Amino acid sequence: ITNLRQASSFITTPIFYANGPPHIGHLYTAIIGDASHRWNQLNEPQSEHFFSTGTDEHGSKIAKTAREKGMTSIQLCDQVSASFKHLFKEFDIHTSDYIRTTEKRHRECVEVMWKRLEASNCIEKAGYSGWYSTTDECFYQDGDIEDSADGKGKIAKETRSIVEWHEEENYMFKLDLFHEKIRTWMTKNDVIRPKHYLPVALRYIEAETRLSISRDSSRLSWGIPVPGDSSQTIYVWLDALCNYLTVRGFPDCMKDSSWPPTTQIIGKDILKFHAVYWPAFLFAAGLDPPTKLFVHGHWLVDGSKMSKSVGNVIEPLKMSELLSKEGLRYFLLKQGVPHDDSNFAVLKAINVINADLINNIGNLVSRACASKMNVDQLYPYVDTVELHDGISQSANPLIAQMNELREKVAPHYDQMLFYKGIEDIMTLSKHTNAFFQVHAPWKMNQGAKLSTVLYVTYEATRIISLMMQPITPKLSDFCLSRLGISSDYRNLETATFGGGPKMDQVGRSLGEDQGVYMDRIEVPKEKVQVKPKKEKKKNKKAE
């Protein structure tokens, strides 16, 4: 049953098209959503938080792919949707709801939405002609297309997808009725983030006055029929966008405060659909548009666009065999920058994970908690006001950084700029390692000085692990468990020096020693680069 309690955050990813297996671009989008959801839960534990994702399972492209594979459309959708679900489970992506557009609840939601648009007098039936892309599932205007490289057809300028001229009678949505309202929503409410994408979104507004929101069912049979007119199938984007309403139990969700979404995460290639079509549909239905659209760029591989024909598509589960799931999750959030395309390179990923997760965090916890140095396996008691004289001079700047970390990282996480938050955390991690190395506690005798070095090191790694929970939940759990930090003390209130569990002057026990979290990743000699397949020149031109 969909949870309809008031949510202080409602985050969505786009639902992923079910015509092929997931790649790192899909995983990146889902991980951004999961990290933000985890952060909201950590930051406001008393509030209700909601996070949804799923699969988009209608459209002629899916029907075509299924035929080519000798499958029915629903068989293909079942297979692909299961692969996305499995991927998200493996990478600890915890959603509140996972929606499939072939579900009965979604069909009912779409039908209600259609009837609302119809009742608002925003739909008319008329002849329509234009350049249609099956790949992009949309029509293009004359100015948006050009001749293909071989001169034998037309392609969309933006996506390079093949387009064909179609003429048919469809139901049309009066998009121009909402142009000004959409513009005001965008410009007056700081909706588009990063702002880098706002000019692009504004240009999309005036591009269309009428939007075809149905297709002749003879051309598109795999979809939801128009209520009262089975000769027409509802446009796949209207169908897909309604998933955000379905997961909140539309129309019942309108009775409380569970609408609208606070942040909708999208790739830059679907900005038009979410920044123009979606708010127009909502306005027409008398519903509020989303508060924020968080837009991110695409992933390149070794500087080149991912492409099946080139053979450089990164399969996340396969890549995680080398990098680990936690490592790949970390690298995508650290390397991914929303305002531009990001580059995936295997060698760089290995170096980043080895340096940050294995050396700076994992190995430091293992070394600092080693029984040879900490014989009694205690988190030592130290007077936080009067540190040992020989340690305080170097410890005090580090302590200041610990106390500042939460306030530095929080605004970055709030804005989903996780790479910036990671930079601040890694700065503290590097300084903690330097502090540990300079004082060389492994050379010290048991006593107050050793206890002070260990205590400062433990406190720094505790705070680092607390702030890394949205990014690397399993590594953070490993480190906090080794430090003996129970779940009651894994909150933001404790993320200050001396803010952990209270203890007597003896100290308290560390957690069980489970060895190192993960071994250093060795560079595979045969594969430091994702090498594309050789392709014929004509394919290269078409690409």
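For this structure, a couple of remarks:
- Candidate set from the stretch 258-277 (those that are touching a Phe, Trp or Tyr at 6+ places or on another chain (Cβ under 8 Å) and of a type in the set (A, V, I, L, M, F, W, C)); member that is nearest to H49 (Cα to Cα): W259
- Here the stretch 227-241 is the region considered, the condition is being part of a loop (DSSP other than H, G, I, E, B) and either aliphatic (A, V, I, L, M) or more than 29 Å from the chain's Cα centre (by Cα) (or both), and the residue that is surrounded by the most Cβ atoms within 10 Å (Cβ to Cβ) is P227.
- The C-beta contact set for the stretch 421-443 (first residue crowded, with 20+ Cβ neighbours inside 10 Å, second residue modelled with pLDDT of 95 or more and aromatic (F, W, Y), distance under 7 angstrom, 6+ apart or interchain) comprises G421/Y413.
- Scope the stretch 197-226; condition open to solvent by less than 30 Å² (accessible area, probe 1.4 Å), part of a loop (DSSP other than H, G, I, E, B) and β-branched (V, I, T); matching residues: I213, I224
- Some residue of the stretch 305-326 being touching an Asp or Glu at 6+ places or on another chain (Cβ under 7 Å) and among the basic types (K, R): yes
- A Cβ distance below 9 Å, combined with a sequence gap of six or more or placement on separate chains, defines the contacts here; from the stretch 299-315, residues that are more than 21 Å from K268 (Cα to Cα) reach residues that are outside any loop (DSSP other than H, G, I, E, B) and among the polar types (S, T, N, Q) in the pairs S309/N539; V310/S304; V310/N539.
Residues are listed down the side, and each one gets a yes or a no for (1) of a type outside the set (D, E, K, R); (2) more than 26 Å from K89 (Cα to Cα):
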| site | (1), (2) |
| --- | --- |
| F281 | yes, yes |
| G297 | yes, no |
| K305 | no, yes |
| S309 | yes, yes |
| E326 | no, no |
| Q335 | yes, no |
| V346 | yes, no |
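- Among the residues of the stretch 398-413, those identified as touching a residue at least 24 places away in the same chain (Cβ under 8 Å) and either touching a Ser or Thr at 6+ places or on another chain (Cβ under 8 Å) or open to solvent by 10 Å² or more (accessible area, probe 1.4 Å) (or both) are L398, I399, Q401, M402, N403, R406, A410, Y413.
- Taken over the stretch 242-253, the criterion of being surrounded by 24 or more Cβ atoms within 10 Å (Cβ to Cβ) and either among the hydroxyl-bearing types (S, T, Y) or assigned to a helix (DSSP H, G or I) (or both) is satisfied by N243, Y244, L245, T246.
- Flag if E169 is in contact with a strand residue (DSSP E or B) (Cβ under 8 Å, 6 or more places away or on another chain) and of a type in the set (D, E): yes
- Scanning the stretch 463-512 for residues that are farther than 13 Å from Y379 by Cα and charged (D, E, K, R) yields a total of 5.
- From the options K348, K372, residue that is open to solvent by 30 Å² or more (accessible area, probe 1.4 Å) and part of a loop (DSSP other than H, G, I, E, B): K372
The values are calculated or read from the model by the stated rules, or taken from the named source; none is laboratory data. What you are looking at is a predicted structure, and each value in this text was computed from that prediction instead of being measured. In this analysis, Cβ positions are derived from the backbone assuming ideal geometry, glycine residues included, and neighbour counts consider all displayed protein chains. Please note that ligands, DNA and RNA were not included when accessible areas were found on the heavy atoms of the full protein model with its side chains. Shrake-Rupley method; radii C 1.70, N 1.55, O 1.52, S 1.80 Å.
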